[in-house]
Amino acid sequence: MTHFKGAFFETRFLTLSDYFKTAEFMSYSYLTHMPLKKVKSTDNHMVDTDQKMILFKKWFEREIQLTNNIVYLPDLGGSYIEGTKILNLNEIPVKKVDKKKFYENIKNNKKTIKKTDINEIISKIDNFIKITSNIKYLCSKIIKIIPDSGILSAQNISEVEKIEKQLFENTEYKEVAEIISSSAQNVLLSIMENINLDNDQKKSGWIKTKILYKSIFDLTDFFTNSFKKLLKQKKINSDN
């Protein structure tokens with residue numbers, strides 16, 4: 001969200017910042033205005049942390065769910081991360097690395113790397129842009145269906161579900177949508193961590209869903225423009 005170039009969060013702050021309110025200052029203020037919170041620690045106590053660290057904690061917890069590997073967490077009294085295996089430092093299994101063999105493996109890997117066909121890259125970029133345009137259209141339909149009140153009829157819910165199937169049942173659409181939504185989800189997480197937008201959980205959920213799709217809608221323009229520039233550059237390089 002804040003730690004890679006071109007992130008929606010970063011782009012927004014760079015656009016709104018000025019001499020008196022720099023992007024760095026706005027980002028820091030955005031994440032530190034909330035009071036400290038107590039979370040479970042690795043040694044089964046409670047430890048104070050701030051919104052920045054909770055954001056990273058949630059990110060790690062999401063990523064851990066996507067891997068079958070064991071993720072170790074040293075027992076130093078810090079925040080506990082769901083899905084990790086807690087170990088003392090001297091218990092963490094660390095394999096000894098033969099540096100000579102390590103460098104030999106790198107050299108061998110370089111030899112086996114195949115050069116990618118420039119036309120294949122251009123074709124994939126072009127396809128990504130086309131799919132992104134379709135995703136933007138589908139997101140706009142969902143945004144129109146979900147009212148700001150968060151109150152949806154059964155018919156509205158059914159319509160949203162049908163559009164979401166179009167987004168995520170098509171393999172190519174799903175892959176591109178996940179790339180775009182990964183940035184949008186981080187925006188949503190940073191804005192609404194532990195915050196309900198309505199006393200009714202269902203209404204709050206639908207309001208958040210609309211905000212998420214609005215974020216994806218906005219991000220499609222960013223990705224499209226970025227990939228169009230890349231496509232233009234690749235075509236120039238292929239002609240030379």
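The listed residues are 98, 117, 75, and the only one of them that is at pLDDT 65 or above and under 30 Å from residue 226 (Cβ atoms) turns out to be 117. One residue stands out in the range 13-38 among those that are within 30 Å of residue 86 (Cβ to Cβ) and either assigned to a strand (DSSP E or B) or of a type in the set (A, V, I, L, M) (or both): the one that is modelled with the lowest pLDDT, namely 31.
Residues in the range 39-70 that are touching a strand residue (DSSP E or B) at 6+ places or on another chain (Cβ under 7 Å), in a loop (DSSP other than H, G, I, E, B) and surrounded by fewer than 16 Cβ atoms within 10 Å (Cβ to Cβ): 70 alone.
The values are calculated or read from the model by the stated rules, or taken from the named source; none is laboratory data. These numbers come from a predicted model, not from an experiment. Using ideal geometry, Cβ is built from the backbone for each residue, glycine included, and neighbour counts are taken over all protein chains shown.
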